[in-house]
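The values are calculated or read from the model by the stated rules, or taken from the named source; none is laboratory data. Predicted, not measured: the structure shown is a model, and the values here were computed from it.
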Amino acid sequence: MTAELETGEPVTVTEAAKLLGVHPNTVRNRIKSGHIPATKVLTPYGEAFAIPRAHIEEALHAPPYQPLPNPSQIGGRVPGGSNDLLLPDDGRNGGVGRGDVTLPSPTVGTLTTVVKEIIAPLVALNERQVGELRELHAAMRQQAEELGRERGRREAAEQEVERLRRAQRSRPWWVRLFLA
């Protein structure tokens, strides 16, 4: 254990990055992905991550950071993701997979069915949203027309005021002063 890690106080992201020899953004990404546990604390400058020193020491002795594998490398399984379309390997579905989870054999019929099942709710949602947007567009168009009419009335009033001011200024000063 290094002398820097012997005290029990938590470290900041910048300090952890220096101790681990990585960029501070790497530490933040590892915190967000759950590889380094941390808590958010309120500082005079805003929120910051506080990382227990023990976890920094574990990260120092841990094997190099490895990103999560590509789903195609592990038989279609997405760690922590949605596996709703994956079927158990009971030997009947002819799927290719790993362990107890496999993907069904891709056929045009099954793929078409799956795509239709996925897209149908999206199409219905899209149609509802398009209808709502059309209603909003019509309402906005009516408001724009009303604003245009109001603008025309305001401009006409401003022109009338300016005409009266010019008429007032065209009289001699003594008429404006004594006969006003």
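Of note:
Condition check ((1) over 23 Å from the mean Cα position of the chain (by Cα); (2) modelled with pLDDT of 80 or more; (3) among the small types (G, A, S)) across all residues:
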| residue | (1), (2), (3) |
| --- | --- |
| T14 | yes, yes, no |
| L20 | yes, yes, no |
| H23 | yes, yes, no |
| T26 | no, yes, no |
| N29 | no, yes, no |
| H35 | no, yes, no |
| T39 | no, yes, no |
| G46 | no, yes, yes |
| P88 | yes, no, no |
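- Positions within the range 157-180 being of a type in the set (G, A, S) and either outside any helix (DSSP H, G or I) or at pLDDT 95 or above (or both), in sequence order: A157, A180
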